[in-house]
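I have placed the structure first, in the form of structure tokens, so that the comments after it can refer back to it.
The values are calculated or read from the model by the stated rules, or taken from the named source; none is laboratory data. For clarity, every value in this text was computed on a predicted model and none was experimentally measured. Note that each Cβ is placed from the backbone with ideal geometry, even for glycine, and that neighbours are counted across all protein chains shown.
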């Protein structure tokens, strides 16, 4: 019997025998390698939950609800937005300024977050992508 290795394993998802989720590729593949380990699983959501335990991506992309302040600021810098955001924050009331300066994490659902991203001209999809990118740093 093959020993389970979540980093190199294949899944048949929701009874679809026409393709296999490969944890090594982080994607569906059309064929199984010889002697590959394979498990049937009921849904993409369940598979995503199983793989998340090992830090592996699943077929369902989940946008994080919050990211650490470090990751948020790093993503602002990577996107070339840090100075622009700091300038905007400086024009806001003291509570917003304190929240930006001293928060340990940034939450997507916060009204300040929506206002800041709207000021930058971001759509909801762009905001989601920002949080997703920040979560991977």
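Just checking: which of the strands (runs of 3 or more DSSP E) contained wholly in the range 1-66 hold 2 or more residues that are closer than 27 Å to residue 134 by Cα and modelled with pLDDT of 95 or more?
Of the strands (runs of 3 or more DSSP E) lying wholly inside the range 1-66, those with at least 2 residues that are closer than 27 Å to residue 134 by Cα and modelled with pLDDT of 95 or more span 20-22, 27-29.
Residue by residue, here is whether (1) more than 30 Å from residue 8 (Cβ to Cβ); (2) modelled with pLDDT under 95 holds:
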| residue | (1), (2) |
| --- | --- |
| 106 | yes, no |
| 110 | yes, yes |
| 114 | yes, yes |
| 119 | yes, yes |
| 131 | no, no |
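Being without any contact (Cβ under 8 Å) to a residue 40 or more places away in the chain and surrounded by 16 or more Cβ atoms within 10 Å (Cβ to Cβ) is the filter here; which residues of the range 70-88 pass it?
73, 76, 81, 85, 88, listed by residue number.
Within the range 112-119, can one find any residue that is surrounded by 14 or more Cβ atoms within 10 Å (Cβ to Cβ), in contact with a strand residue (DSSP E or B) (Cβ under 8 Å, 6 or more places away or on another chain) and more than 24 Å from residue 23 (Cβ to Cβ)?
yes
Would you point out the residue of the range 105-128, among those that are under 13 Å from residue 65 (Cα atoms) and in contact (Cβ under 8 Å) with a residue 24 or more places away in the chain, that is nearest to the chain's Cα centre (by Cα)?
128
Please work out if residue 106 is outside any helix (DSSP H, G or I) and not assigned by TED's automatic domain parsing to the domain that holds residue 14.
So residue 106 fits the description; yes.
Please indicate, with yes or no, whether at least one residue in the range 59-68 is surrounded by fewer than 17 Cβ atoms within 10 Å (Cβ to Cβ), without any contact (Cβ under 8 Å) to a residue 40 or more places away in the chain and out of contact with any helix residue (DSSP H, G or I) (no Cβ under 8 Å at 6 or more places or on another chain).
Within the range 59-68 (the criterion being surrounded by fewer than 17 Cβ atoms within 10 Å (Cβ to Cβ), without any contact (Cβ under 8 Å) to a residue 40 or more places away in the chain and out of contact with any helix residue (DSSP H, G or I) (no Cβ under 8 Å at 6 or more places or on another chain)), the answer is yes, since at least one residue qualifies.
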